[in-house]
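These notes are about the structure you will find just below.
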Amino acid sequence: MRRTRPHHDTSAVLGAILIGLLLTPVGTVATAQEISPRDILERVDANMTVRTARTKAQMTITYRDGDVRNMLYEAWAEGTDRSFLEFTAPARDAGSRFLRRGDAMWIFLPRVGKSVRIQGHMLRQGIMGSDFSYGDASENPSMVEDYDATIESEVDLAGRPTYVLYLTAKRDDLSYQHRRIWIDSERWIPLKEELFAKSGKLLKTATFGDVRQVGRRWYPFAIEMNNELQTDTRTTLQILEMDFNVNVPQEVFTVSYLESGF
Amino acid sequence: MLGTIVCLIANRQSSLVSRQSSIVNHQSSIVNRRSSITLLAIVCSSMFAIIPSALTGQTAARLTGYWEHQFSVGYRGDRWTQLDYDRFRADVTARAGRSTSASAAVVWQLYRGNTRVFLSDALPDYFPVPDSAFVELENRHFLNHAYFTIRPHPFEITAGKQYLTWGAAWAFNPTELFRPKDVFEPTYEREGVGALSVRLPLGPLSNVMVAYAPEGGFETSAKVLRARHHLSGFDISALVAEIHERPAPADIDLPQPVLEQRHTIGGDVTGELLGLGVWAEGTWSERADETWVEMTLGGNYTLSNGTLLLVEGYYNGRGEWGEPYSRQLWLARIYGDGRTLGKATVYGLATKPVGDLWTVAASAIANLGDGSAALIPAVSYAFAENVDLLVNLVFSIGPDGTEYGSGSQGGFLRGRVYF
């Protein structure tokens, strides 16, 4: 296994949303008086600190009429800025691949045999028709770097004690200018997140669930994303398999690999 | 619609401008059917050869594909036409470890309806052609692609009919030397090119590629050198190529000339500027005594409601500023030798998800020289997880003799089921 700088594991590409978990001994409780918002975000970040990860996951899109679309993908991630994802089902989408390096992203279209750069405001488009956007997948996992935070309150959410943080973007080019996050104050994982436009309009709501302990960490294995601009649709991301600190060949995160798909 | 069909024919390498008798066509279709059965047997036996070994873990194979049915109608002058086709595609991909992969796809396509496309319907009145001149759409089967790739470090070598698709632009790709897009449907799949290519990665986002596509002897085969690099957030590529093309004949009754050598240098760049996705692509080419420049500039923007807006401008140095266009240009269009009649073309596209499973799109192509345009509204519906439906209309705007005004009004309904 290579030695790389610590980074967040995400649920591969899509997991930028998952960012922000923590790595604190289980059961540690801190009060708002003795912890700063930055400390909270850093603990959340630290919880996700692994070198590499391989993920198999199912993405389920549920439509207003109850119709459901299921997609399967396999993904690899290394560092905070490298991830590769390939859809394996359904047949319509099988073979579609994504590469992310930093804030740059490419998609490979198998029936055209060509990779296409996803850029500019195209990042707002939903991935494979889901409520997750390309921008969600390509944003910097470290919220400490991109947002100023304040603690709004401490509340119980689904039986768990949480800090409610309100984040304001430090830059104009971020997908979401404001975020409100409910963070489990014992497990240091987000349980809920609201994503806002600059105008203050609520764009999306993410709910984190299926929390499991992996070694000394806690990890949400499911995310439900609701696009508040599209009525009654939601996308659920369920991690089926996740391996930390696996050996990921460097060529995986290259354009050549994206286009040849070894 | 007829214009669409003709473009489609030209772009998809349906090469015959024929006056074959129905007897000949009938015999031809019988031969095609026999060949199809043979080809099917080969493909199926290949799949069975691959899949069991996949169970051992030595090779991972995947079989996918689709059935597609399309019914189209067109109206031009005082005549309605209809065309119906079935298309079946089977893809097999296999991986053997991390160093070898292979992929192939076979396509069968069966036509019904007005399969005889008269050139007089695709050409302006000032270019009279006899009614006996037509393109016959014949049932066909072909290997869309069939190649394998091996990776002897640090190289990546691909041999076989492969995708050599280049360029950053959406609709008009000057650097697309082998399989130009159908501008009426730029995202539709295209065939591969029989070639040997060697790629040398020079970093995660950079590489150099050499491709050699045999055609006749060594002198008439295509040679391409292409380099790609990622710099300051932009993807940049450059290519130098020598290819050989068969120009359109000087007149409809004349045979197509022999291959002519063409040299092209060009490149493209794509990235983000002020929040916009932007791209530029251009080439300089020379063939025989002719030299010309092609250039595309474009950008896109997505509104917060998911609406994608895309605009692209294309300059074609081989085109003319307005009608009447020369016979040579019209014939070049029919034979797929050249992308537009006009020098300056603007392409626009807007797509928006409507409801959960519906997407509405509208594209427009306008010739700035003669003022003609084609409007192409479309609605797609994801009927089920692996089922897509698409309704696509084409409205030709402009008088007869203009580039897009000479097309027909029409549209198609297409269904596709994936497996």
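The values are calculated or read from the model by the stated rules, or taken from the named source; none is laboratory data. Since the model is a prediction, treat every value here as computed from it, not as a measurement. Don't worry about glycine lacking a Cβ; one is built from the backbone with ideal geometry, like all the others, and counts go over all protein chains shown.
The table below lists the values:
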| item | result |
| --- | --- |
| Residue within region B:69-86 that is more than 14 Å from chain A (Cβ to nearest Cβ), buried (at least 20 other Cβ atoms within 10 Å of the Cβ) and aliphatic (A, V, I, L, M) present | yes |
| Residues located in region B:229-247, provided they are more than 14 Å from chain A (Cβ to nearest Cβ) and over 22 Å from B:Ala171 (Cβ atoms) | B:Val240, B:Glu242, B:His244, B:Arg246, B:Pro247 |
| Flag if B:Gly407 is more than 14 Å from chain A (Cβ to nearest Cβ) and on the phi > 0 side of the Ramachandran plot | no |
| Number of the condition not met by A:Ser256 [criteria: (1) more than 30 Å from B:Thr100 (Cβ to Cβ); (2) surrounded by 14 or more Cβ atoms within 10 Å (Cβ to Cβ)] | (1) |
| Counted residues, region A:232-256 - those being at the interface with chain B (Cβ under 9 Å from one of its Cβ atoms) and more than 20 Å from the chain's Cα centre (by Cα) | 7 |
| Options A:Val164, A:Val214, A:Val155; residue that is modelled with pLDDT under 90 and on the phi < 0 side of the Ramachandran plot | A:Val214 |
| Output for region A:95-113, where each listed residue is aliphatic (A, V, I, L, M) and modelled with pLDDT of 90 or more | A:Leu99, A:Ile107 |
| Strands (runs of 3 or more DSSP E) completely within region B:112-202 that count 2 or more residues being away from every other protein chain (no Cβ under 12 Å), touching a residue at least 40 places away in the same chain (Cβ under 8 Å) and closer than 26 Å to B:Asp78 by Cα | B:134-136 |
| Test: residue in region A:182-202 that is in contact with a Ser or Thr (Cβ under 6 Å, 6 or more places away or on another chain), modelled with pLDDT of 90 or more, crowded, with 18+ Cβ neighbours inside 10 Å and within 14 Å of chain B (Cβ to nearest Cβ) | no |
| Output for region A:185-206, where each listed residue is part of a strand (DSSP E or B) and in contact with a Pro (Cβ under 9 Å, 6 or more places away or on another chain) | A:Pro190, A:Leu191, A:Ala206 |
| The listed residue being within 22 Å of B:Asn305 (Cβ to Cβ) and buried (at least 20 other Cβ atoms within 10 Å of the Cβ), out of B:Ser396, B:Ser408, B:Ser363 | B:Ser363 |
| Meets criteria (more than 14 Å from every other protein chain (Cβ to nearest Cβ), among the charged types (D, E, K, R) and surrounded by fewer than 18 Cβ atoms within 10 Å (Cβ to Cβ)) for A:Glu154 | yes |
| Filtered residues of region B:203-222 (kept if buried (at least 19 other Cβ atoms within 10 Å of the Cβ) and away from chain A (no Cβ under 14 Å)) | B:Ala213, B:Ala222 |
| Selection within region A:230-262 - among the acidic types (Asp, Glu) and in contact (Cβ under 8 Å) with a residue 24 or more places away in the chain | A:Asp232, A:Glu241, A:Asp243, A:Glu259 |
| A:Thr80, sole failed condition from (1) among the polar types (S, T, N, Q); (2) away from chain B (no Cβ under 14 Å); (3) farther than 30 Å from B:Asp268 by Cα | (3) |
| Single unsatisfied condition, A:Asp103 versus (1) charged (D, E, K, R); (2) surrounded by 18 or more Cβ atoms within 10 Å (Cβ to Cβ); (3) within 11 Å of chain B (Cβ to nearest Cβ); (4) within 30 Å of B:Ile236 (Cα to Cα) | (2) |
| Qualifying positions in region B:182-234 - over 30 Å from B:Ile365 (Cβ atoms) and of a type in the set (Val, Ile, Thr) | B:Val198, B:Val208, B:Val210, B:Thr220 |
| Index of the failed condition, A:Tyr219 passing every other in (1) within 28 Å of A:Phe87 (Cα to Cα); (2) assigned to a loop (DSSP other than H, G, I, E, B) | (2) |
| Filter result for A:Ala75 (closer than 29 Å to B:Gly192 by Cα, away from chain B (no Cβ under 11 Å) and within 13 Å of the chain's Cα centre (by Cα)) | yes |
| Lone unmet requirement of (1) part of a loop (DSSP other than H, G, I, E, B); (2) within 14 Å of chain A (Cβ to nearest Cβ) for B:Arg226 | (1) |
| Region B:143-161, subset among the polar types (S, T, N, Q) and at pLDDT 95 or above, residue surrounded by the most Cβ atoms within 10 Å (Cβ to Cβ) | B:Thr158 |
| Qualifying residue in region A:114-126 (condition: hydroxyl-bearing (Ser, Thr, Tyr), at the interface with chain B (Cβ under 10 Å from one of its Cβ atoms), in a strand (DSSP E or B) and within 15 Å of the chain's Cα centre (by Cα)) | no |
| Residue among B:Leu331, B:Leu310, B:Leu341, B:Leu303 that is within 13 Å of chain A (Cβ to nearest Cβ), buried (at least 19 other Cβ atoms within 10 Å of the Cβ) and not basic (Lys, Arg) | B:Leu310 |
| Pick from region A:203-231, criterion out of contact with any strand residue (DSSP E or B) (no Cβ under 6 Å at 6 or more places or on another chain) and among the aliphatic types (A, V, I, L, M), ranking: farthest from the other protein chains (Cβ to nearest Cβ) | A:Val214 |
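So that you can scan it fast, the table gives a plain yes or no per residue for (1) closer than 25 Å to B:Gly299 by Cα; (2) part of a strand (DSSP E or B):
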| residue | (1), (2) |
| --- | --- |
| B:Ala211 | no, yes |
| B:Phe218 | no, no |
| B:Ser237 | yes, yes |
| B:Ala250 | no, no |
| B:Thr264 | yes, yes |
| B:Trp284 | yes, yes |
